[in-house]
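One structure below.
Just so it is clear, none of the values below were taken in a lab; they were calculated from the coordinates. Just so it is clear, the model here is predicted, and its values are computed rather than measured. Glycine also receives a Cβ, built like all others from the backbone with ideal geometry; neighbour counts cover every protein chain displayed.
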Amino acid sequence: MAHAEAQLSTLEARKRALGDVLGPDLARRKVFDDAVSAMHAGESFPDDIGATAARAYLDALTGESEALALRVGVDSLRNHLRYLRETEAEIALEALGTRLTDFLAEVRKVAADLKDARSADEAIQAGGRAPAAWRTLTDMVGRLRAIREAQFDTLRPLGDGQRLQQLRNAGHFELAGLRHDEVPADILTALQSGYYDVPSLVYLANSDSAWVPSSYEALEDEDVMPDVGIPDIPVHDVTPTVTPISEPPAPKRHGHEYTPDLRLK
């Protein structure tokens, strides 16, 4: 993969240096147009116009061909690197998952001596092997951080970096099937921020869902909205109603009305 990345960098630099190239037909036409303009200005039409136009065409054809070749090479290498990254990422993530499993198994063995202590003072008060266990676990926090950093670096080329950071900040990096309401607040804060401590390390070690995702898509699938159901509130009919307009009442007669005589006199 390092070779492909180096080649891609070289080809991209050559592509930038080449810049925009004039097509061979346009280059040849430019020779004709320049000759005509010069003739209108009083100069003679070149005797070698054909050879000059042919050279311009060939030079432009060479530049156009190089630009096309560089574009094909860059596109091909990008696709190849994407494949290599995905393939190597799967292997790397699987290895990291095994490494995390083995590491958390070590944590559980040491944590058994803590006697449920959640701070250095509590470990001292518990006595026995608890203080030494606390010191050992404090040193092991850095190993967890290294695993998670390697996990981030492996996943980053496979998707959007900003989105990946959002998923990490939400805690999905640490636990599969994470539900925020099921994790103690202090532990959740540590997992979301990446500022691990002994209690969060022990929590991960005793959790059945601590993981390294197998792919970017698997991590993305963790970020789903929970099904909160249908709210238990009265349902109101909001269908608009139409009130019919009644016929106006017939006018009351008072006995003074008369019918005008419209006959011609």
Efficiency of FRET between residue 119 and residue 17 - r from beta-carbon atoms, R0 45 angstrom, step 0.05: 0.15
Relative exposure of 147, 187, judged by other C-beta atoms within 10 Å (fewest first): 147, 187
Contour minus Cα-Cα distance for residue 5 and residue 39 (0.36 nm per residue): 7.0 nm
Estimated vicinal HN-Hα couplings, Hz - segment 32-38 in sequence order (Karplus 6.51, -1.76, 1.60; Gly, Pro = x): 4, 5, 5, 5, 5, 4, 5
Cα gyration tensor, segment 7-59 - rounded (a/c under 1.5), prolate or oblate: prolate
